[in-house]
Amino acid sequence: MNKIIKIVLIAFLGIFFMSCEKDDDSNYVLPASTQHVILVYLGGDNNLSSETYQKIESIREGWQGGAEKKLLIYTDPADTNPSLIEIVRENGQNTKKIIRNYDEENSASKEVLSRVIREVTNLYPSPSYGLIVFSHASGWLPGGTLTSPRSIVMDKKQEMELSDFAQAIPDKTFDYIIFEACFMSGIEVAYELKDKTDYILASSAEIVSPGFTYIYPKSINHLSGSLSGLRAFGEDAFSWFDNRSGYMRSATFSIINTSQLNSLADWVKSNCNQDNSIDINTIQYFDRYSYRLFFDFEDYYGSLLETDKQKSELSALISNCIVWKNATPSFMKDYNGFDIKKHSGFTTYISQEKYPFFNNEYQQLKWFKASSSKK
């Protein structure tokens, strides 16, 4: 894994930011052998607040940690101020060690996310970092455009958009980003984050509550910075949903290798005529609402091609990008759901006349600029 490793020498652990309150951690010394740090960012200052507590307890219960791995949780529930905690082993049991307490703040702002990442990487130097994000989400869509769900992180009525999320993360910070959030496996999301992380684990459709809560005790320990560990996490998540019944048997997960996205964008630009008119009703979709905004990537772009050779080339390029995927046969069929006949691992937006605002906003994305054949 090609990664620029930054070793930060800290003279004092008491370096603080304007918005935070110091805890007595001056005697805390990070072992020099730390090889991987996991940051869990829980944006729960909304109607998901109770789930943030469940997830923290689930992680605390199962975390094995050790000298080589550290786990930090930034949590912002609705009923108290946010904090940064570490799960540590003390007196034979896992406990929550408070690293920072903060004044009330907007966890959906890029400034807060950026500060939290900076604090973690400064206080916990490591050659390898991973990020898990939990909140409401709606992929690349601009803030305030959907009633539910919304953007990437939601704090009360404030939303963090994709571009802000990307700007908050320094290049090459994370080995992986896991989105415990809806509609985040879009090509638009992946391309915006391709310089921030090596891999993305996300869902094409929604993630049915309780998300990853019940897999955390075992699966959080798979994560070590390796692709095999990330895949084991994804397989556990999929297996949990696949073994449920009724509407709960609904899942669409994939792992995206961001290093291959430029090749895919170049090929799409050279081979796909996006001015071609298609019937979007024939394309696999992944949303349950009156709108259709999230379509299967290969199903759509394949429909723009003329030859079998082109379609084979597209499939090969997608396979290079999607290193693992799995989906249930259907998604919440009794709740305005759909059958899953195609699942390439990516979704994409398709411009539609009735959504001029979305169409214009879409053209501002890095994916559109890199891949569009339109003049």
Sole residue being of a type outside the set (A, V, I, L, M), within 30 Å of residue 227 (Cα to Cα), touching a strand residue (DSSP E or B) at 6+ places or on another chain (Cβ under 6 Å) and not in a loop (DSSP other than H, G, I, E, B), chosen from 324, 367
324
When region 305-321 is examined, which residues are found to be part of a loop (DSSP other than H, G, I, E, B) and buried (at least 16 other Cβ atoms within 10 Å of the Cβ)?
305
Give region 61-74 a look and list any residue that's modelled with pLDDT under 95 and assigned to a strand (DSSP E or B), or say none.
69
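Table: residues versus (1) farther than 22 Å from residue 260 by Cβ; (2) touching a Leu at 6+ places or on another chain (Cβ under 8 Å); (3) at pLDDT 95 or above.
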residue: 309; (1), (2), (3): no, no, yes
residue: 317; (1), (2), (3): no, yes, yes
residue: 322; (1), (2), (3): no, no, yes
residue: 327; (1), (2), (3): no, no, yes
residue: 332; (1), (2), (3): yes, no, yes
residue: 337; (1), (2), (3): yes, no, yes
residue: 346; (1), (2), (3): no, no, yes
Being under 21 Å from residue 126 (Cα atoms) and touching a strand residue (DSSP E or B) at 6+ places or on another chain (Cβ under 6 Å), is that true of even one residue in region 187-198?
yes
Region 334-364, residues that are of a type in the set (S, T, N, Q) and in contact with a strand residue (DSSP E or B) (Cβ under 6 Å, 6 or more places away or on another chain)
344, 347, 348
Checking residue 281 against (1) under 18 Å from the mean Cα position of the chain (by Cα); (2) at pLDDT below 95, the condition it does not meet
(1)
Positions within region 322-371 being polar (S, T, N, Q) and surrounded by 17 or more Cβ atoms within 10 Å (Cβ to Cβ), in sequence order:
326, 328, 344, 347, 348, 371
Do any strands (runs of 3 or more DSSP E) entirely within region 107-225 hold 3 or more residues that are in contact with a helix residue (DSSP H, G or I) (Cβ under 7 Å, 6 or more places away or on another chain), under 30 Å from residue 359 (Cβ atoms) and modelled with pLDDT of 95 or more, and if so, which?
197-203
Go through region 181-196 residue by residue and tally those that are touching a Lys or Arg at 6+ places or on another chain (Cβ under 9 Å) and either closer than 19 Å to residue 112 by Cα or not assigned by TED's automatic domain parsing to the domain that holds residue 139 (or both).
1
Hey, does region 278-299 have a residue that's part of a helix (DSSP H, G or I) and of a type in the set (Gly, Ala, Ser)?
no
Note down all Cβ pairs under 6 Å where the first residue falls in region 163-176 and is touching a residue at least 24 places away in the same chain (Cβ under 8 Å), the second is hydrophobic (A, V, I, L, M, F, W, C), and they're at least six residues apart or on different chains.
165/152; 166/193; 168/113; 172/4; 174/131; 176/230
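Restrict the check to region 256-270 and report whether at least one residue is in contact with a helix residue (DSSP H, G or I) (Cβ under 7 Å, 6 or more places away or on another chain), under 18 Å from residue 326 (Cβ atoms), surrounded by fewer than 21 Cβ atoms within 10 Å (Cβ to Cβ) and modelled with pLDDT of 95 or more.
Kept after step one, since they are in contact with a helix residue (DSSP H, G or I) (Cβ under 7 Å, 6 or more places away or on another chain), are these residues of region 256-270: 256-258, 260-261, 263-265, 267-269.
Now narrow it down to the ones that are under 18 Å from residue 326 (Cβ atoms): 256-257.
Those left that are additionally surrounded by fewer than 21 Cβ atoms within 10 Å (Cβ to Cβ): 257.
Going one step further and asking which of them are modelled with pLDDT of 95 or more, we end up with 257.
Checked region 256-270: at least one residue is in contact with a helix residue (DSSP H, G or I) (Cβ under 7 Å, 6 or more places away or on another chain), under 18 Å from residue 326 (Cβ atoms), surrounded by fewer than 21 Cβ atoms within 10 Å (Cβ to Cβ) and modelled with pLDDT of 95 or more.
The values are calculated or read from the model by the stated rules, or taken from the named source; none is laboratory data. Here the structure is a predicted model, which means the values were calculated and not measured. Cβ atoms come from the backbone with ideal geometry, glycine included; neighbour counts cover every protein chain shown.
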